[in-house]
Number of protein chains: 2
Amino acid sequence: VSATSTLEAPQLVSSASRRPRIAVFDSGVGGLTVLRAIVALIPNADYIYFGDTARLPYGSKSRETVARYTVEAAKFLETHEPDILVIGCNTASALALYDIKAAVHVPVIGVIEPGAESAAQVSVSREAVVLATEATVGTHAYQRALARRGFATHEKACPLLVPLVEEGWIDHPVTEQVARIYMSEALRAAAHTDVLVLGCTHYPLIKALLRRVVPDSIAIVDSAEATAHAIFDELKYGAQPSQKRNSRPERRSPHAPRFTFYVTDSVEKFARMAPLFLGHPVLDVHHIDLGG
Amino acid sequence: VSATSTLEAPQLVSSASRRPRIAVFDSGVGGLTVLRAIVALIPNADYIYFGDTARLPYGSKSRETVARYTVEAAKFLETHEPDILVIGCNTASALALYDIKAAVHVPVIGVIEPGAESAAQVSVSREAVVLATEATVGTHAYQRALARRGFATHEKACPLLVPLVEEGWIDHPVTEQVARIYMSEALRAAAHTDVLVLGCTHYPLIKALLRRVVPDSIAIVDSAEATAHAIFDELKYGAQPSQKRNSRPERRSPHAPRFTFYVTDSVEKFARMAPLFLGHPVLDVHHIDLGG
């Protein structure tokens, strides 16, 4: 997973005359790690982020409710005329991707297929462990996506990792101990695993910690990063598949990214938590009410 | 906090001819610890429990939304003609108690006033620490209730304790380590504390662990138990205040409690989690839809 190549910053086909505009949806702050990974590849863009913070968590809601909420958000984001709409939420990607694609007229991409595709590119044993929330595990979306690529998959629900990350304990001995317990339970059930998929958008924040916990023989695939590469490919090459996963543009664009954030709950609460996830200042945050 | 006295099982004034009927509301499973504490005092009763599991957590919602949801649930529970309605949810007790009292025609009791009253009965220093969720801390309901009783209060948000309890790690070294961190942070800000209030309905499950972590000089007050005593008093003596906190009926009634449960999300998920909180079998669970 360490192959690199030299790439120019993408020359976007979707719009020659203006910066690309990329919309990212999540139920909360987790999708900001997806946004962060996209910004690292495509800094010269305008980003519109929507966090449905008043209605989270989506994980405990029915498929119909998740689809309704996500379609509402997608239609709102569509009014900003993005070149692509990113569903940076595992639950919504698992339960509502087709509803969203049917409801809007822009390209839509979720986080699950790119994560599964990245795993397929690095695995020899075709056995994978996916760490995710209980809700995402309950959908078995990763298991299905990986099964289509010939994998046996062990999905491990890790309900403590999101609250640990949200507490800010991203390099804390308690988090490491919890991660060791979860990993040893998972590997007991999947001994031939050679790839670990981070199937929750909070987990990239503890990737360094997980790297210490996970055996060296196991590659770690970050769905957020995989999704960013898929978007890079989509915007640069249209819908052509690319082999250039894990590549990085050599030079940063001199033009900084511009961010606009919309949330359905408290602006202050979002602005306080968001920089940890995004790694950029979070300033232009607006409240919006989509109804309950 | 260990005084005990001999009490008969309560002779309820509210109904001479039938077993008392007690309704308990919560957004999820936490209120089951309140129910458990009531059943320990009043075993010979019919219990109706409502868990609004599809719409949890209430903590991230506005006061208006919490009030609307809770009033809907209270009206549903009122149709079962309970002798008393218990709001076994700290967020709803903090934000919606007056709305509920205005909306139904049965006595209503929350968990915050009984918790504060219990603390007032054991504290000499009049300095208290309250452990609670971020949402409950945000309402400052315990701080106000304790201030009315002459207390300086340090409210400590403990966002990891609920997920640790829900993971079942109620006597786990990780939970003990987390509790030690939270307690040492809280006591650094409140050095004269002689009472700790458990301001979240999940925390009674880790009371034994907390007893190991908290200095012996600090009494632990469990809002669930305090509320059970208040209900015992209310049903036995009408609204007369009683000094017999922390008392236990010497003999159990020969009649076992009867439970009926209503939840708005998955019946199976509730039935799987609930016995840990209730300490009784959870069988008669019904799904109900109050709308979204």
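When you look at B:Lys101, is it more than 29 Å from A:Pro57 (Cβ to Cβ) and at pLDDT 95 or above, yes or no?
On the way: more than 29 Å from A:Pro57 (Cβ to Cβ): yes; at pLDDT 95 or above: yes.
Here the answer is yes, as B:Lys101 does meet what is asked.
Filter region A:155-182 down to residues that are more than 14 Å from chain B (Cβ to nearest Cβ) and surrounded by 18 or more Cβ atoms within 10 Å (Cβ to Cβ), then give me how many there are. Let's see the steps before the verdict.
Filtering region A:155-182 for residues more than 14 Å from chain B (Cβ to nearest Cβ) gives A:155, A:171.
Going one step further and asking which of them are surrounded by 18 or more Cβ atoms within 10 Å (Cβ to Cβ), we end up with A:155.
Counting residues in region A:155-182 that are more than 14 Å from chain B (Cβ to nearest Cβ) and surrounded by 18 or more Cβ atoms within 10 Å (Cβ to Cβ) gives 1.
Among the residues of region B:115-140 satisfying the criterion of being aliphatic (A, V, I, L, M) and open to solvent by 10 Å² or more (accessible area, probe 1.4 Å), which is modelled with the lowest pLDDT?
B:Ala135
Cβ-Cβ distance below 6 Å, separation of 6 or more or different chains: which pairs start in region B:36-55 with a residue that is assigned to a helix (DSSP H, G or I) and end on one that is of a type in the set (Gly, Ala, Ser) and crowded, with 23+ Cβ neighbours inside 10 Å?
Listed by first residue and then by second, the contacts come to B:Ala37/B:Ala224; B:Ala37/B:Ala228; B:Ile38/B:Ala228; B:Leu41/B:Ala228.
Within region A:70-88, which residues are open to solvent by 10 Å² or more (accessible area, probe 1.4 Å) and either touching a helix residue (DSSP H, G or I) at 6+ places or on another chain (Cβ under 8 Å) or acidic (Asp, Glu) (or both)?
A:Val71, A:Glu72, A:Lys75, A:Glu78, A:Glu81, A:Asp83 - these are the residues of region A:70-88 that are open to solvent by 10 Å² or more (accessible area, probe 1.4 Å) and either touching a helix residue (DSSP H, G or I) at 6+ places or on another chain (Cβ under 8 Å) or acidic (Asp, Glu) (or both).
Among the helices (runs of 4 or more DSSP H) confined wholly to region B:124-174, which include 3 or more residues that are more than 30 Å from A:Ile170 (Cβ to Cβ) and in contact with a helix residue (DSSP H, G or I) (Cβ under 6 Å, 6 or more places away or on another chain)?
B:141-147
I'd like to check something: does region A:250-264 contain any residue that is modelled with pLDDT of 80 or more, touching a helix residue (DSSP H, G or I) at 6+ places or on another chain (Cβ under 9 Å), surrounded by 14 or more Cβ atoms within 10 Å (Cβ to Cβ) and within 14 Å of another protein chain (Cβ to nearest Cβ)? So that I can check it myself, show each step before the final result.
Of all residues in region A:250-264, those modelled with pLDDT of 80 or more come to A:256-264.
The next check asks that each one be touching a helix residue (DSSP H, G or I) at 6+ places or on another chain (Cβ under 9 Å); those that pass are A:257, A:259, A:261-264.
Filter once more, keeping what is surrounded by 14 or more Cβ atoms within 10 Å (Cβ to Cβ): A:257, A:259, A:261-264.
With within 14 Å of another protein chain (Cβ to nearest Cβ) added as a condition, the list becomes A:263-264.
Yes, the conditions are met somewhere in region A:250-264.
Going by the structure shown, is A:Ala219 away from every other protein chain (no Cβ under 14 Å), open to solvent by less than 10 Å² (accessible area, probe 1.4 Å), over 22 Å from A:Gly59 (Cα atoms) and touching a residue at least 60 places away in the same chain (Cβ under 8 Å)? Show your work before the answer.
Numbers: away from every other protein chain (no Cβ under 14 Å): yes; open to solvent by less than 10 Å² (accessible area, probe 1.4 Å): no; over 22 Å from A:Gly59 (Cα atoms): yes; touching a residue at least 60 places away in the same chain (Cβ under 8 Å): yes.
Criteria not met by A:Ala219.
Quick check on B:Gly150: is it at positive phi and within 13 Å of chain A (Cβ to nearest Cβ)? Full working, then the answer.
Values: at positive phi: yes; within 13 Å of chain A (Cβ to nearest Cβ): no.
No: the conditions fail for B:Gly150.
Residues of region A:84-119 being part of a loop (DSSP other than H, G, I, E, B) and more than 18 Å from the chain's Cα centre (by Cα), which ones?
Hits for region A:84-119 are A:Val104, A:His105, A:Val106.
For the subset of region B:116-147 comprising residues that are among the acidic types (Asp, Glu) and away from chain A (no Cβ under 14 Å), which member is farthest from A:Glu167 (Cα to Cα)? Step through it out loud before you land on a result.
Of region B:116-147, the ones among the acidic types (Asp, Glu) are B:117, B:127, B:134.
So of that shortlist, the ones also away from chain A (no Cβ under 14 Å) come out as B:117, B:127.
Details: B:Glu117: 31, B:Glu127: 26 Å.
Filtering first and then ranking leaves B:Glu117.
Could you tell me which residue of region A:60-83 is modelled with the lowest pLDDT, considering only residues that are closer than 23 Å to B:Asp52 by Cβ and either away from every other protein chain (no Cβ under 12 Å) or not in a helix (DSSP H, G or I) (or both)? Don't jump to the end; show me each part of the working.
We begin by selecting, within region A:60-83, every residue closer than 23 Å to B:Asp52 by Cβ; these are A:60-70, A:72.
The next check asks that each one be either away from every other protein chain (no Cβ under 12 Å) or not in a helix (DSSP H, G or I) (or both); those that pass are A:61-63, A:67, A:70, A:72.
Details: A:Lys61: 77, A:Ser62: 80, A:Arg63: 86, A:Ala67: 93, A:Thr70: 95, A:Glu72: 95.
Only one residue tops the list, namely A:Lys61.
(1) modelled with pLDDT of 95 or more; (2) away from chain B (no Cβ under 14 Å); (3) farther than 19 Å from A:Ala132 by Cβ: which one isn't true of A:Ala191, the others all being true?
So A:Ala191 meets the others, but not (1).
May I ask you to verify whether A:Leu56 is more than 14 Å from chain B (Cβ to nearest Cβ) and within 16 Å of A:Thr264 (Cα to Cα)?
On the way: more than 14 Å from chain B (Cβ to nearest Cβ): no; within 16 Å of A:Thr264 (Cα to Cα): yes.
So A:Leu56 fails the test.
The values are calculated or read from the model by the stated rules, or taken from the named source; none is laboratory data. Remember, it's a predicted structure, so these values are computed and weren't measured experimentally. Positions of Cβ are backbone-derived with ideal geometry, glycine not excepted, and every protein chain shown enters the neighbour counts. Remember, those area values only see protein heavy atoms, side chains included, never the ligands or the DNA or RNA. Shrake-Rupley method; radii C 1.70, N 1.55, O 1.52, S 1.80 Å.
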